[in-house]
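Colleague: Got a structure for you, questions after.
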Amino acid sequence: MTDILFSSWGGVVVDNRGKESENYEKIEKVSLPEQFAQDENINALIGWYGFLLRVQDVNIVDMCRAYLTAIQNESCGKCFTCRIGTKVLADTLTRICRGKGQDEDLEVLSRLAEVIREGSKCNIGQSGPISLLDALKYFAKDFEKAIQDKNPIPEGNYTYKLTAPCMDACPIHLDIPGYVECIKEGKFQESLSVITNKLPLPGTLGRVCVRPCEEHCRRTILDEPISIKHLKRFVADNNLEKNKGMSFKPTPSEKTGKVAIIGAGPGGLTCAYHLALMGHEVTVYERHGEPGGMAAMGIPDYRLPRDILGFEADQVQKMGVTIRYNATVGKDVKLSDIDKESDAVFIAIGAQTNTEMGLKGEDKGYKGFIPGVQYLQEVNMGTDPYPEGKKVLVVGGGNVAIDCVRCSFRIGKDDVNLVYRRTKNEMPADHVEIRDAEEEGVKFHYLTNPTRILTKKGKVIGVECIRMELGEPDESGRRRPVPVEGSEFVIECDILVPAIGQAIDLKLLEGEEKVETTRRNTLAVNEFTMQTNNPKIFSAGDCVTGPSTLIRACAGGRKAAINIDRLINGKELKATYEDCFDKLFEKVKVFDSRENIGFLGGRKRLHLEMLPPDERKQTFDEVEKGYSQLEAMSEADRCLRCYRVGMIAV
Amino acid sequence: MVNLTIDGKEVAVKEGTTILKAARFAGIEIPTLCYHERLNPIGSCRMCVVEIEGLSHPMTACNTPVTEGIIVTTDSPRLQKMRMETLKLLLVKHPLDCPVCDKGGECTLQNLVHEFEIEGTVYLAEREDRESLYPTPLIHYWPDRCIMCLRCATACREIKGLGAIDIDGSGFNTSITAVNRDKCESCGECIQVCPTGALTENLGEYKGRPWMVNRVMTTCTYCGCGCQLEINVFNNRIVGVTTKDGIGVNKGSLCVKGRFGYEFIESEERLSKPLIKKDGKFHEASWDEALSLVAEKFKGIKASHGADAIAGIASARCTNEENYLMQKFMRAVIGTNNIDHCARL
Ligand SMILES: Cc1cc2nc3c(=O)[nH]c(=O)nc-3n(C[C@H](O)[C@H](O)[C@H](O)COP(=O)(O)OP(=O)(O)OC[C@H]3O[C@@H](n4cnc5c(N)ncnc54)[C@H](O)[C@@H]3O)c2cc1C
Ligand code: SF4
Ligand code: SF4
């Protein structure tokens, strides 16, 4: 059952006008939620693939006027057809809505709309007229009536947001088309400012982001996604090379206060950055002696050199943020004491402990048994976690497991193995990373699961494993591995590294006033405001989402900062219109991989030069070299600038 | 090499070549307005749209690299209509003030409007007049005439590496503004690439129409770079300096002196005859008189104090050849190595 009266979304027209509601034809292309915000119903949607009407009383002519006016507002002016054409469309529609339309207007509208759609440079101009063309075709009578009646049409209530497929997929909604376009035009400094508008760690994310944006890059439909991540690294490196600090434009809030942040990981640093920009006094408490959290202590240097992260964390400190190192909250300082001294507290402690494999003896402290995160931390500190051991076996299929195996070569282990219970296809690790590890000589044992730790005199000597096969899909959609009975075998090793997941260490909450947690042992927060049940305490990052990614932690940190600022300024904490649009766009997908773009493809991305496998596996030097200026500009030139406007009638 | 077909002609070009270049290589003209040889493709004008067999969307030839086997059509009723409508849109804002425009007669827009037989302003839009500030008083910016092709801003950034001007605002109300006023060197690169009369030079009142002036190719005398420029002569007076794209070491670029520093030529204060000082006052003399006097004095100094008592400083305004002769003169005729050049000081 649908309650949609008309839809032209994605070029598929469903017209339920004049039908009994039980006979309404279903809309396959898109689902439109009922509500935008609390107490705000969505009456219609108009956007890049067409429009949907839910109720009769939305005036289609007026909605087209509002939409084309928005398109003209968002037009960058860099191509003739969109800059002037959408202005003529918007003005003509406005005139019609004021009751001053003329008969020839309709012809002008459709002629120009077609030319703008086909002739514009980017998706603003290309997608802007689509709905108008549909409306002129299927609601011709409404337009004719508006012209003939000569009565002004009352203006409806609309709200819109600019988005793009990549931008929408990015958790912090970086203005990707914006910064890529700056690179294309050779404006590298401006490009960096577009990024640092939201993110203080461009060089870091430019190296290790898991890049959900690239999966939703519209260019993929033609050939390959834009190298969004590498382009980000390019502008950060370019800035660093010129030895420039980053330039920030603080805009102090009316009221400023004191905020304490626990954890100097990506989440904590991003929150501190935004709070500092808003003029608040920020103190960060960090357990370790350096900033960066898992990006510093987990991610190895060959993927993310520490000086990059260090430089970026320095910039945040230069803005006036104080970081107190070697201060563990819950041990050296009490949460309640911090709470007393501050107007708000932000907890971003990440997921620091290892998930257990459920094998006997895991907690016995056998020599050679080293949990993944701990293993990487020691390597990152410059020590070999167990010099005696030579043959390494890592258990797990995620990025942490891959980091463990690749690191092992680099500290001189020569026999490195990875066991994973499913196949390569199901591995959650980044496929580029898996390829790199293969090239470096890691032995992968797929469809294998450890069942017993074998030890001798308190030292690991091997692992008994069992063969697995793939059965029915589980709730994650991946096929569930099931053991093959009687297929046990032994892999010898003297270092066993379980890297199957991390958990959150919530000791700092012990003995404190209650901060609610979830069943998964994460902190419970409001999804829009990041506020916990304690109004003064906010949280985000891995300790809220469970082990996740840098960019999600940064996005959470930014959101928390915005809401902490609101709290300090006595404003109401609730979902913003942007949050509501994010929710809406989750349903009304911004990226459609089946879209027929109709452009010429065949222009592959520029790949980065890499150190050869034999050379790179000996050192912690960065494996990937960055783009040169010309390479970056040429890669950026592939971008289709898929900005688009989604508008709803409420 | 990549093989493709353009308007029925088979063409083979190097990988990475754009469709526009491939077409020009094959002798096929595609109309353009924002495209400029010396700049990366801008893609603002949408005049160079072409159709590619099998694709629903037209592509712009200027910034689309060729791919193997594509079949390109550069002219069709659909493309013609798109180009025509785009030009009509430009006339929403661009005034038809060609009779009083400095560029009239060599304006790409004027030529295209004429070629497409567009008779006047067809579409209307409400306008909001804004003051737009150009970074240099040597150049006049006419916001209404500006079609926002962005050649000027691109040239400022790509050729000069300055980025003094850029697009500002959004939609119909965008204009070119000084985004980095202090970076402007008043070099006039922007005027040089402007296809319309939106940027004109601010020196002098009466300029003469482009087809009335005589353009004399010469070498700039300001420094040793040897930039090629054209002195625009009207009624035997210099009314401006232009350049030809791609010509000379400067390929069409100049600095502020070369482009705007031409008024000295007709300055009343300029010396045109040698002067000899007698009794504390200068008197006009002939070249023979003047040169004999100099030769006599040199000889005298050389005889009484030796050749090293004389030194020569050559001028950066002279050509290499003249400078070469100067040092030869100092060494071979005067007999000293005391020779230097003002550009080194
Ligand atoms: C090996 C490894 C590789 C990874 N690779 C990638 C990758 O390539 N790309 C990607 O996007 N993500 C990757 N991740 C995930 C990513 O690192 C995390 O999602 C991200 O760092 C989470 O940020 P956070 O700020 O929430 O927490 P963290 O980065 O974990 O930071 C938390 C900080 O809080 C501090 N802290 C904890 N408890 C206390 C306390 N009680 N008092 C004071 N300080 C405290 C910690 O020392 C730490 O500095 C990887 C993770 C690991 C472990
Ligand atoms: S927004 Fe896109 S379509 Fe519109 S003027 Fe800019 S480049 Fe052209
Ligand atoms: S082509 Fe550019 S704008 Fe479009 S999705 Fe990819 S990165 Fe984003």
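The values are calculated or read from the model by the stated rules, or taken from the named source; none is laboratory data. Quantities reported herein were computed from a predicted structural model and do not represent experimental measurements. Glycine also receives a Cβ, built like all others from the backbone with ideal geometry; neighbour counts cover every protein chain displayed. Heavy atoms of the whole protein, side chains included, go into the accessibility calculation; ligands, DNA and RNA do not. Shrake-Rupley method; radii C 1.70, N 1.55, O 1.52, S 1.80 Å.
Colleague: Based on this model, can you work out whether A:Thr256 counts as at pLDDT 95 or above, open to solvent by 20 Å² or more (accessible area, probe 1.4 Å), more than 16 Å from ligand 3 (Cβ to nearest atom) and not in a loop (DSSP other than H, G, I, E, B)?
Modeller: Considered against the rule, which asks whether it is at pLDDT 95 or above, open to solvent by 20 Å² or more (accessible area, probe 1.4 Å), more than 16 Å from ligand 3 (Cβ to nearest atom) and not in a loop (DSSP other than H, G, I, E, B), A:Thr256 comes out as no.
Colleague: Limited to the range A:48-79, what total is found for residues that are within 28 Å of the chain's Cα centre (by Cα) and either free of Cβ contacts under 8 Å to residues at least 24 places away in the same chain or on the phi > 0 side of the Ramachandran plot (or both)?
Modeller: So the count comes out to 2.
Colleague: Another question, then. For the range B:42-62, which residues satisfy the criterion of being in contact with a strand residue (DSSP E or B) (Cβ under 7 Å, 6 or more places away or on another chain) and closer than 20 Å to B:Leu87 by Cβ?
Modeller: B:Gly43, B:Arg46, B:Cys48, B:Val49, B:Val50, B:Glu51, B:Pro58, B:Met59, B:Thr60, B:Ala61, B:Cys62
Colleague: Oh, and also: Return the residues of the range B:150-172 that are in contact with a Cys (Cβ under 7 Å, 6 or more places away or on another chain), open to solvent by 20 Å² or more (accessible area, probe 1.4 Å) and more than 9 Å from chain A (Cβ to nearest Cβ); say none if nothing qualifies.
Modeller: Correct list: B:Arg151, B:Lys160, B:Leu162.
Colleague: Let me ask you something else. Checking the conditions here, which among A:Leu109, A:Leu45 is touching a residue at least 40 places away in the same chain (Cβ under 8 Å) and either in a loop (DSSP other than H, G, I, E, B) or assigned by TED's automatic domain parsing to the domain that holds A:Tyr158 (or both)?
Modeller: It is A:Leu45.
Colleague: For the range A:144-198, what are the residues that are of a type in the set (D, E, K, R), within 14 Å of another protein chain (Cβ to nearest Cβ) and assigned to a helix (DSSP H, G or I)?
Modeller: Correct list: A:Glu181, A:Lys184, A:Glu190.
Colleague: Still on this model: Here are some residues: A:Asp307, A:Asp301, A:Asp314, A:Asp332. Which one is of a type in the set (Asp, Glu), away from ligand 2 (no atom under 16 Å from the Cβ) and surrounded by 20 or more Cβ atoms within 10 Å (Cβ to Cβ)?
Modeller: Checking each option against the conditions leaves just A:Asp301.
Colleague: Within the range B:227-268, work out how many residues are more than 25 Å from B:Tyr35 (Cα to Cα) and exposed (fewer than 15 other Cβ atoms within 10 Å of the Cβ).
Modeller: 9
Colleague: Select from the range B:130-179 the residues that are among the polar types (S, T, N, Q) and without any contact (Cβ under 8 Å) to a residue 40 or more places away in the chain and list them in ascending order.
Modeller: B:Ser170, B:Thr174, listed by residue number.
Colleague: Out of A:Glu492, A:Glu516, A:Glu475, A:Glu464, report the one residue that is away from every other protein chain (no Cβ under 14 Å), free of Cβ contacts under 8 Å to residues at least 12 places away in the same chain and away from ligand 1 (no atom under 16 Å from the Cβ).
Modeller: None of the others qualify; the one that does is A:Glu475.
Colleague: Which of (1) within 29 Å of the chain's Cα centre (by Cα); (2) outside any helix (DSSP H, G or I); (3) touching a residue at least 24 places away in the same chain (Cβ under 8 Å) is the odd one out, the single condition A:Ile4 does not satisfy?
Modeller: A:Ile4 satisfies all of (1) within 29 Å of the chain's Cα centre (by Cα); (2) outside any helix (DSSP H, G or I); (3) touching a residue at least 24 places away in the same chain (Cβ under 8 Å) except (1).
Colleague: I need the full set of residues from the range B:312-345 which are among the small types (Gly, Ala, Ser), surrounded by 11 or more Cβ atoms within 10 Å (Cβ to Cβ) and over 21 Å from B:Lys277 (Cβ atoms), in order please.
Modeller: Those that are among the small types (Gly, Ala, Ser), surrounded by 11 or more Cβ atoms within 10 Å (Cβ to Cβ) and over 21 Å from B:Lys277 (Cβ atoms): B:Ala314, B:Ser315, B:Ala316, B:Gly335, B:Ala343.
Quick grid of which residues meet (1) crowded, with 21+ Cβ neighbours inside 10 Å; (2) over 16 Å from B:Thr60 (Cα atoms); (3) among the polar types (S, T, N, Q):
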{"residue": "A:Asn73", "(1), (2), (3)": "no, yes, yes"}
{"residue": "A:Cys82", "(1), (2), (3)": "yes, no, no"}
{"residue": "A:Lys87", "(1), (2), (3)": "yes, yes, no"}
{"residue": "A:Thr92", "(1), (2), (3)": "yes, yes, yes"}
{"residue": "A:Gln102", "(1), (2), (3)": "no, yes, yes"}
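Colleague: Follow-up question, since we're still on this one. Which residues, counting only those in the range A:76-119, are more than 7 Å from chain B (Cβ to nearest Cβ) and of a type in the set (Gly, Ala, Ser)?
Modeller: Passing the criteria: A:Ala90, A:Gly99, A:Gly101, A:Ser110, A:Ala113.
Colleague: Which residue is nearest to the other protein chains (Cβ to nearest Cβ), if the candidates are limited to the range B:65-83 and must be crowded, with 19+ Cβ neighbours inside 10 Å and within 25 Å of A:Val88 (Cβ to Cβ)?
Modeller: B:Met82
Colleague: Among the residues of the range A:88-106, how many are among the polar types (S, T, N, Q) and assigned to a helix (DSSP H, G or I)?
Modeller: Residues flagged as among the polar types (S, T, N, Q) and assigned to a helix (DSSP H, G or I) within the range A:88-106 amount to 2.
Colleague: Are any residues in the range A:597-630 in contact with a helix residue (DSSP H, G or I) (Cβ under 8 Å, 6 or more places away or on another chain) and outside any loop (DSSP other than H, G, I, E, B), and if so, which ones?
Modeller: Residues satisfying the conditions are A:Met610, A:Pro613, A:Arg616, A:Glu624, A:Gln629.
Colleague: So, of the residues in the range A:611-627 that are open to solvent by 50 Å² or more (accessible area, probe 1.4 Å) and touching a residue at least 40 places away in the same chain (Cβ under 8 Å), which turns out to be nearest to ligand 1 (Cβ to nearest atom)?
Modeller: The selected residue is A:Phe620.
Colleague: Further question on the same structure: Looking only at the range A:352-359, decide whether some residue is within 30 Å of A:Asn569 (Cβ to Cβ) and in contact with a strand residue (DSSP E or B) (Cβ under 8 Å, 6 or more places away or on another chain).
Modeller: No: zero hits.
Colleague: For the range A:631-642: of the residues being part of a loop (DSSP other than H, G, I, E, B) and within 12 Å of another protein chain (Cβ to nearest Cβ), which is nearest to ligand 2 (Cβ to nearest atom)?
Modeller: A:Arg641
Colleague: Looking at A:Leu550, A:Leu600, A:Leu630, A:Leu606, can you tell me which residue is open to solvent by 20 Å² or more (accessible area, probe 1.4 Å) and within 16 Å of ligand 1 (Cβ to nearest atom)?
Modeller: The conditions single out A:Leu550.
Colleague: On to the next question. Mind checking which residues of the range A:120-129 are assigned to a helix (DSSP H, G or I), buried (at least 24 other Cβ atoms within 10 Å of the Cβ) and in contact (Cβ under 8 Å) with a residue 40 or more places away in the chain?
Modeller: A:Ile124, A:Gly125
Colleague: Under 7 Å between Cβ atoms, which residue pairs at least 6 apart in sequence (or on different chains) link something in the range A:212-236 that is hydroxyl-bearing (Ser, Thr, Tyr) with a partner that is not in a helix (DSSP H, G or I)?
Modeller: Every condition considered, the pairs that remain are A:Ser227/A:Arg605; A:Ser227/A:Leu606.
Colleague: Follow-up question, since we're still on this one. Specify the residue that is farthest from ligand 2 (Cβ to nearest atom); the eligible residues are those in the range A:208-224 that are in a loop (DSSP other than H, G, I, E, B) and crowded, with 22+ Cβ neighbours inside 10 Å.
Modeller: A:Cys209
Colleague: Tally time: how many residues in the range B:41-64 are closer than 25 Å to B:Arg151 by Cα, facing chain A (nearest Cβ under 8 Å) and open to solvent by 30 Å² or more (accessible area, probe 1.4 Å)?
Modeller: Qualifying residue count for the region: 1.
Colleague: Tell me, which residue of the range A:53-68 that is in contact with an Asp or Glu (Cβ under 9 Å, 6 or more places away or on another chain) and open to solvent by 20 Å² or more (accessible area, probe 1.4 Å) is nearest to the other protein chains (Cβ to nearest Cβ)?
Modeller: A:Arg65
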